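A.B. asks: Pasting a structure here, questions to come.
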Amino acid sequence: MKTLDESYWSARYAEGKTGWDIGHASPHLIEAAHSAAKDTRILIPGCGLGWEAEQLWKEGYSNVFICDISGKPLNAFAERVHDFPKSQLLHTDFFSLKARFELILEQTFFCALPPSRRDAYVSKMHELLTPGGALKGLLFDFPLTEEGPPFGGSEAEYRERFTEVFDDFTIERAQRSIPPRQGSEFYFEALKK
């Protein structure tokens, strides 16, 4: 298994091998964020080029934080969105984050992690959320594989992992997926009470 560290992800950006990047904000994630007040502390982990953060920032969401293990996408984001606070660009490993957030938006991050880190992901998400906070986003629906990223996953797996830690978990077939991902994504919400 390859080591999915900062150098791996930085090389993917340098080589232009960023098939996960859709080039614009995900409609599902923007809709999920719109249920929150504009001063809500929002985290987008594994943010990549940060299209959702850019749109939310321009809509007046002032407490959006983006995190990526690679500095390359964060630098590209900072060049594109000049007035975004540098203190809200988090160049770090997600698992080392210590802050708390009211809303976390997930897109492709879970399935980009090696399957052996999935339980740690669920626990860390729970830890990062304030009481009453929510994790919302998209998860892939295709057979789990060791050949990734992305590594895939199923509704049954997601239900099992998330319901062990979160008080309330809902999942459904994503209705607003981009055309190449139609039928291969779930939209989910996990709430911390």
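The values are calculated or read from the model by the stated rules, or taken from the named source; none is laboratory data. Values in this document were obtained by computation on a predicted structure and should not be read as measured data. Please note: Cβ atoms are built from the backbone with ideal geometry, for glycine as well, and neighbour counts cover all protein chains shown.
A.B. asks: Return the pair list, or none, for Cβ contacts closer than 7 Å from residues in region 171-190 that are over 11 Å from residue 27 (Cα atoms) and touching a residue at least 40 places away in the same chain (Cβ under 8 Å) to residues that are surrounded by 13 or more Cβ atoms within 10 Å (Cβ to Cβ) and among the acidic types (Asp, Glu), at least 6 apart or on different chains.
C.D. replies: Once the first residue is over 11 Å from residue 27 (Cα atoms) and touching a residue at least 40 places away in the same chain (Cβ under 8 Å) and sits in region 171-190, its partners that are surrounded by 13 or more Cβ atoms within 10 Å (Cβ to Cβ) and among the acidic types (Asp, Glu) give 184/141; 185/141; 186/141; 186/155.
A.B. asks: Right, another one. Kindly indicate whether any position in region 106-129 is modelled with pLDDT under 95 and among the β-branched types (Val, Ile, Thr).
C.D. replies: The answer is yes, given that some residue of region 106-129 is modelled with pLDDT under 95 and among the β-branched types (Val, Ile, Thr).
A.B. asks: Looking at the structure I just gave you, is residue 47 touching an Asp or Glu at 6+ places or on another chain (Cβ under 6 Å) and within 19 Å of residue 188 (Cα to Cα)?
C.D. replies: yes
A.B. asks: Sticking with this one: Mind counting the residues in region 44-73 that are part of a strand (DSSP E or B) and either of a type in the set (Phe, Trp, Tyr) or free of Cβ contacts under 8 Å to residues at least 12 places away in the same chain (or both)?
C.D. replies: Of the residues in region 44-73, 1 are part of a strand (DSSP E or B) and either of a type in the set (Phe, Trp, Tyr) or free of Cβ contacts under 8 Å to residues at least 12 places away in the same chain (or both).
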